[in-house]
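The values are calculated or read from the model by the stated rules, or taken from the named source; none is laboratory data. For clarity, every value in this text was computed on a predicted model and none was experimentally measured. Cβ: placed from backbone, ideal geometry, glycine included. Neighbour counts: every protein chain shown. Calculation scope for accessible area: heavy atoms of the full protein, side chains included, ligands and nucleic acids excluded. Shrake-Rupley method; radii C 1.70, N 1.55, O 1.52, S 1.80 Å.
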Amino acid sequence: EGRKGCIMNAFDFSVIEEHDPSVSEGHRVLYDREVPFEIRNQTDPHDAAQEVGTLEAIKVKILVMGDVANPLTLRIELTSENDLFFHFNHNLDEHGFRQVQEHQKLMVDFPEYSNVLIRMLNNCIKEPHSHLAVFVIEREGLARLDFIQNME
């Protein structure tokens with residue numbers, strides 16, 4: 001029994017990690033955790049999304065290409081252990097970030113964006129009663145992630 005534990009502890013997982021398609025282009029993993037998401041569907045863009053969705057643990061990976069302090073690109077991957085067809089990617093470079101920043105009136109710059117996302121995701125794990133990640137799936141495979149903070 002004790003020897004099995006030693007063998008498992010000695011196993012080198014870096015070989016498996018090298019074959020991870022997420023890092024095949026040179027990205028590095030900054031964040032890799034399951035986060036509770038509320039999944040809502042919005043079939044008609046003119047209607048509001050479902051009021052209440054289903055709560056699900058979503059695996060969130062945040063990857064960076066280049067230096068963390070000055071990244072070239074940032075990629076967010078969302079997958080689900082419960083649904084093998086649930087796979088969403090969001091790729092962003094500095095130019096694309098400026099459009100997001102302007103549209104959403106963000107007060108952070110691109111190099112800080114990953115840290116802000118990580119902090120918000122961790123808040124959803126640590127304080128699920130007050131911090132909520134709502135993933136709204138729209139038509140044609142588009143989706144958006146909303147962070148909601150209850151001030152009560």
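Here is how the numbers come out for the structure above:
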{"item": "Residue ID - most open to solvent (accessible area, probe 1.4 Å), chosen from residues in segment 124-145 that are touching a residue at least 12 places away in the same chain (Cβ under 8 Å), outside any strand (DSSP E or B) and within 16 Å of Arg33 (Cβ to Cβ)", "result": "Pro128"}
{"item": "Residues satisfying the stated conditions in segment 57-87, i.e. of a type in the set (A, V, I, L, M, F, W, C) and within 9 Å of the chain's Cα centre (by Cα)", "result": "Ile58, Val60, Ile62, Ile76, Leu78"}
{"item": "Residue list for segment 66-111, filter: open to solvent by 100 Å² or more (accessible area, probe 1.4 Å), of a type in the set (A, V, I, L, M) and either over 25 Å from Glu34 (Cβ atoms) or touching a Leu at 6+ places or on another chain (Cβ under 9 Å) (or both)", "result": "Leu72, Met107"}
{"item": "Condition broken by Leu63, with the remaining ones in (1) open to solvent by 60 Å² or more (accessible area, probe 1.4 Å); (2) closer than 21 Å to Arg28 by Cα satisfied", "result": "(1)"}
